[in-house]
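**Student:** Starting off with a structure, shown below.
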Amino acid sequence: MLRTRLATAAVALPLLIWVIVWNPGASFVWLIGIAALVGVSEFCTMAFPSDLWDRGFGMASGALLLSAMLIPTQERFAMALSKIVIAGLVLALARKDDLRHGVDALGLTLLGSLYAAFLLPHYVWMHVLPDPVTPGVQPGGWRWVILTVVIAMSGDVGGYFGGRWFGRHKLMPSVSPGKTVEGTSMAVVANLLGTAASKLVFFPTLSWLEVVGLGLAVGCLAQVGDLCESMLKRAFGAKDSGWMIPGHGGVLDRIDSLVFPAPLVYYYARFFFGH
């Protein structure tokens, strides 16, 4: 398993960095869009394993919301969300013999759409922000994207090896049996080291106070996101969200630590990082 994970990372990481930094042919937008669509599909497959109708409506809702996020305007997003809510309630009403199931299905559809198709596209918004190091260069938000990915993935690596080498005390065994308190502690250390390395390599304008603050905030959200994705799998009775990534399972299994930090870093960069 470890060898498969390392082989997958050796191929995927250089390609990911190339796409984030240079974005040839708007490939970064396509990457996020495809990841979000697959994530919605995986969620709906777990949530509605035997109901093709609910699964189809959930995937269609996710695609509609994703299109509104990738071409962002307030009106487009409001229109997409209102269509999903109204259509979902009408479909629930049509299930006159099982109204509770219809309402529950709409709730799961909204959760899956918001989880993958609303949160993840914040990386696209982040990517088109002005360059925080070279004022006037736009877009240049790839630095924020790289920073977020480095912090989250550093925590993943630190938590994995920390838990493997030193793990003794289970963190939340009913949710994620493999996670330990020791692994979580090592993940926080790795988050801070990853943030510091990012500052030194490509983000010199980031202050050391911001290194600590963002490292802790993004790292904590990444770990909570990981636990929440595990919670969803346990709730749905699934071992993995999918099978697409060797050694990791599905797309949601790989990006679970990246989903929650995206809005935090985007809104921080947008409103509080002055350049």
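**Student:** If you place +1 on the Cβ of every Lys and Arg and -1 on the Cβ of every Asp and Glu, how big does the dipole about the Cα centre of the chain come out, in debye to the nearest 20?
**Tutor:** The dipole of the chain has a size of about 320 debye.
**Student:** Taking only pairs that are 8 or more places apart or on different chains, how many Lys pairs in segment 2-271 have Cα atoms under 19 angstrom apart?
**Tutor:** The number of close lysine pairs in segment 2-271 is 5.
**Student:** Further, regarding this structure: State, to one decimal in nm, how far the label point of V133 lies from the label point of W208, with both points 7 Å from Cα in the Cβ direction.
**Tutor:** With each label placed 7 Å out from Cα toward Cβ, I get 2.0 nm.
**Student:** Note down the net charge around K199, summing +1 for each Lys or Arg and -1 for each Asp or Glu among other residues with Cβ under 14 Å from its Cβ.
**Tutor:** 0
**Student:** Please give the residues of segment 79-118, grouped as numeric ranges, whose backbone N is less than 19 Å from a label point set 7 Å along the Cα-to-Cβ vector of V224.
**Tutor:** 111-112, 114-118
**Student:** Tell me, Kirkwood radius of segment 101-195 from alpha-carbon pair distances, in Å?
**Tutor:** 15.9 Å
**Student:** Now for a different question. Find out how many positive minus negative residues lie around R168, taking Lys and Arg as positive, Asp and Glu as negative, among other residues whose Cβ is under 15 Å from that of R168.
**Tutor:** +2
**Student:** Sticking with this structure for a sec: Could you check the spin-label model distance between V189 and L15? Points 7 Å from the Cα along Cα→Cβ, value in nm.
**Tutor:** 3.3 nm
**Student:** Classify the chain: rounded, prolate or oblate, from the alpha-carbon gyration tensor (a ≥ b ≥ c, eigenvalue square roots; a/c under 1.5 rounded; otherwise prolate if a/b is larger than b/c)?
**Tutor:** Verdict is oblate for the chain.
**Student:** Roughly how far apart, in whole Å, are the Cα centres of segment 134-184 and segment 213-236?
**Tutor:** Answer, in whole Å: 9.
**Student:** Please report the net charge: other residues with Cβ closer than 14 Å to the Cβ of P261, K and R +1, D and E -1.
**Tutor:** Summing Lys and Arg as +1 and Asp and Glu as -1 gives -4.
**Student:** Here's another thing I want to ask about it. When only C-alpha pairs under 8 Å and at least 6 residues apart count, what is the relative contact order of segment 2-271, in percent?
**Tutor:** 19 percent
**Student:** Put a dot 7 Å past each Cα toward the Cβ at A196 and S82; how far apart are the dots in nm?
**Tutor:** 5.2 nm
**Student:** Please list, in chain and number order, the residues 5+ apart from M172 or on another chain whose amide H is under 5 Å from its amide H, with Hs placed from the backbone.
**Tutor:** K179
Rule-based calculations on the coordinates, nothing more; no lab input. Small disclaimer: the values here were computed from a predicted structure and weren't measured. Note: ideal-geometry Cβ built from the backbone for every residue, glycine included; neighbour counts use all protein chains shown.
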